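Engineer: A single structure is presented below for examination.
The values are calculated or read from the model by the stated rules, or taken from the named source; none is laboratory data. These figures come from a predicted structure and were not determined experimentally. Cβ sites come from the backbone with ideal geometry, for glycine too, and all protein chains shown count toward neighbours.
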Amino acid sequence: MPLAKIHVVEGRYDEGRIAKVSSAVQAALMNTLHVPPEDLYQLIFEFPKKRFLHTPSFVGMHYTDDLIILDLTFIEGRSKETRLALLKDVNTRVAAAASVSPDDLMITLYEAPGENFSFGQGEAQRASAVPREQKSHASWSSPSTASGRKHE
């Protein structure tokens, strides 16, 4: 159920290039978080240059007008290692697909409990969700000891 919010400067990404960014983000989510292909939720925002403000460099990164600010929101419970792998996978895929510097991708991950998400009808369809990486341990832990929630 990840929601990707892709923010770019207006005029820097034509339809083809932004489609490559979109596809690369989805491919990384499928690869690292194991989301199914039909689990696609993306919002693409284009801002006038005067409304897309950022420093030219920070923590050794050097930014251009190609900077992409990417927010990824998903159900909590993935390990630190998985989240770090996701950051690297998204960066590698987007930089290659959109021909941008790896510096020009700022990613923020947001996690929230499954009960905070509704996919319609006001119901929390993933209130009892357990991430796939926790499911792989089901043979040695019951659903209640793994996370206090039932498996999807």
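Engineer: Exactly one of these conditions fails for Phe74: (1) aromatic (Phe, Trp, Tyr); (2) more than 26 Å from Pro113 (Cα to Cα); (3) crowded, with 19+ Cβ neighbours inside 10 Å. Give me its number.
Structural biologist: (2)
Engineer: Follow-up question, since we're still on this one. Kindly provide the set of residues from the range 19-48 that are over 10 Å from the mean Cα position of the chain (by Cα), free of Cβ contacts under 8 Å to residues at least 60 places away in the same chain and within 16 Å of Ile68 (Cα to Cα), ordered by number.
Structural biologist: Scanning the range 19-48 gives Ala19, Ser22, Leu43, Ile44, Phe45, Glu46, Phe47, Pro48.
Engineer: Out of everything in the range 9-65 that is part of a helix (DSSP H, G or I) and among the β-branched types (Val, Ile, Thr), what residue ends up being farthest from Asp89 (Cα to Cα)?
Structural biologist: Step one: filter the range 9-65 for residues part of a helix (DSSP H, G or I), giving 15-32, 49-51.
Narrowing the set further to residues that are among the β-branched types (Val, Ile, Thr) leaves 18, 21, 25, 32.
Values: Ile18: 18, Val21: 13, Val25: 9, Thr32: 7 Å.
This residue is Ile18.
Engineer: Name, by its number, the condition in (1) touching a strand residue (DSSP E or B) at 6+ places or on another chain (Cβ under 7 Å); (2) of a type outside the set (Asp, Glu); (3) at pLDDT below 95 that does not hold for Pro37.
Structural biologist: Going through (1) touching a strand residue (DSSP E or B) at 6+ places or on another chain (Cβ under 7 Å); (2) of a type outside the set (Asp, Glu); (3) at pLDDT below 95 one by one, Pro37 breaks only (1).
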